[in-house]
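Below are the structure tokens for one structure; questions will follow.
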Amino acid sequence: MRAVLDACVIYPTVLRELLLGVAARGLYEPQWSDRILREWVLATAKLGPVAQAMAEGDAALARAAFPRATVREQPNIEARLALPDPNDVHVLAVAIAGHADAIVTFNAVDFPRHVLADEGIERRDPDGFLWELWSRHPGEVRAVVDAVHAKAEAMAGKPLPLRAFLKKAQLWRLGKALDAEG
């Protein structure tokens, strides 16, 4: 499965690490464009120059880890598309050009399902996307979640309840499933 990651799901560190972690385990192929990565870095710049520099480094690491993930921007495809927010057309064009199965985004309003369906693409929220991957590959997803969770606890210097940790990342369904799993 190929999925374009919208900038809004790359920006939050925990979510990015989870999405890229399960991709590194081969559960799906991530895709993005240089513009999507630039949007993430620019959003991070609002937190200050150190955060921007870290995001630029993280973007370079993501490119290196997933060399086939970058899809060139497609102005010819963009020209024929219409979405409620014209600034999101490039994301759909990348999905079409990359033969993606889905766009993973929090932005449901600007990616209407019927428009994406006409192109053979689904809109997936990150919680449902990761929950589905967990339901098919529970051990693989759990290992990634545990690693990201442990890193966050080490950085915080204190225990962080897993379900609350995932809830803060807007991963309610995944958190509930992993909590029930024990």
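I want to make sure I understand the PRE zone here: with the label point 7 angstrom from the Cα of Arg25 toward its beta carbon, which residues in region 139-161 have backbone N atoms less than 11 Å away?
Counting only backbone N, you get 139-148.
On to the next question. Below 8 Å between Cα atoms, with a sequence gap of 6+, how large is the relative contact order for the chain in percent?
Relative contact order, the chain: 23 percent.
Assuming a ≥ b ≥ c are the square roots of the Cα gyration tensor eigenvalues, decide whether region 130-181 counts as rounded (a/c under 1.5), prolate (otherwise, with a/b larger than b/c) or oblate.
prolate
Same structure, new question: Farthest toward the dipole's positive end in region 1-74, which of Tyr11, Leu61, Val22, given Cβ charges of +1 (Lys, Arg) and -1 (Asp, Glu) about the Cα centre?
Val22
Additional query: Provide the FRET efficiency to the nearest 0.05 for the Leu42-Leu162 pair, computing r from the beta carbons and using R0 = 22 Å.
0.10
Another question, if that's okay. Relative contact order for region 130-181: what percent, with Cα pairs under 8 Å and sequence separation of 6 or more?
32
Ok, one more. In Å, what Kirkwood hydrodynamic radius results for region 1-134 from the alpha-carbon pair distances?
Kirkwood hydrodynamic radius for region 1-134: 14.8 Å.
Using a 10 angstrom cutoff on alpha carbons, build the Gaussian network for the chain and name the most mobile of Gly139, Gly157, Gly128.
Maximum among the listed residues: Gly157.
Taking square-rooted eigenvalues a ≥ b ≥ c of the alpha carbon gyration tensor, is region 80-182 rounded, prolate or oblate, where a/c under 1.5 means rounded and, failing that, a/b exceeding b/c means prolate?
Since a/c reaches 1.5 and a/b is larger than b/c, the shape of region 80-182 is classed as prolate.
Moving to a separate point now. Would you please classify the overall shape of region 1-77 from the alpha carbon gyration tensor, given that a ≥ b ≥ c denote the square roots of the eigenvalues, rounded means a/c under 1.5, and beyond that prolate means a/b larger than b/c while oblate covers the rest?
Taking the square roots of the gyration eigenvalues as a ≥ b ≥ c, region 1-77 is oblate.
A follow-up question, please. What is the extension gain from His99 to Arg173, computed as 0.36 nm multiplied by their sequence separation minus the C-alpha to C-alpha distance, in nm to one decimal?
So the extension gain works out to 23.9 nm.
Most mobile of Ala69, Ala23, Ala152 per a Gaussian network model of the chain (Cα springs, under 10 Å)?
Of Ala69, Ala23, Ala152, the Gaussian network model singles out Ala152 as fluctuating most.
Throughout, read-outs are computed from the coordinates displayed, never taken from laboratory work. Source: prediction; values computed, not measured. As a convention, Cβ positions derive from the backbone with ideal geometry for all residues, glycine included, and neighbour counts pool all protein chains shown.
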